[in-house]
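Some notes on the structure that comes next.
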């Protein structure tokens, strides 16, 4: 018996830091999906917090791999606050080698290396980087959580 996600066809991973304001978008979406919907048996929804690399490493090394991974994250890409979008993983910048963010290597490289696994991203535009403890989502990002939950549930929880 392996981890909770082992043997699932789809992984939905909400990541971010709930102590850093709107960065908690991914965990908020994952939490609502887990608590408000009957998650199909072949899907695993996880709030990975800021520790997604372990799951990505394990997935790369696992004998059984999911066919799809859906990443839910907060990003600053210069869009309207609270806007949902789906960036292409290949477009993520390759700037900092030691950053633990989805948007930087090596995490983004891990996503590129998930051989044969379809990876998609559901992202929400945030106001910008916050470097202090400030729990709680802004109004626009809270509304985006509701939209993302509906969108993901409609597509995957039929």
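Structural remarks
- Checking each residue in the range 54-76 for being assigned to a helix (DSSP H, G or I) and either touching a helix residue (DSSP H, G or I) at 6+ places or on another chain (Cβ under 6 Å) or more than 21 Å from residue 88 (Cα to Cα) (or both) picks out 54, 56, 58, 61.
- Filtered by the rule that a residue be closer than 22 Å to residue 67 by Cβ and part of a helix (DSSP H, G or I), the range 118-148 gives a lone residue, 148.
- Residue in the range 82-102 that is modelled with the lowest pLDDT, counting only those that are under 24 Å from residue 28 (Cβ atoms), out of contact with any strand residue (DSSP E or B) (no Cβ under 6 Å at 6 or more places or on another chain) and assigned to a loop (DSSP other than H, G, I, E, B): 100
- Residues in the range 1-52 that are closer than 17 Å to residue 133 by Cα and either free of Cβ contacts under 8 Å to residues at least 24 places away in the same chain or part of a loop (DSSP other than H, G, I, E, B) (or both): 16, 17, 18, 19, 27, 50.
- From 79, 114, residue being outside any helix (DSSP H, G or I), surrounded by 14 or more Cβ atoms within 10 Å (Cβ to Cβ), modelled with pLDDT under 85 and touching a strand residue (DSSP E or B) at 6+ places or on another chain (Cβ under 9 Å): 114
The values are calculated or read from the model by the stated rules, or taken from the named source; none is laboratory data. Note that the structure is predicted; figures quoted are calculated from it, not measured. Glycine also receives a Cβ, built like all others from the backbone with ideal geometry; neighbour counts cover every protein chain displayed.
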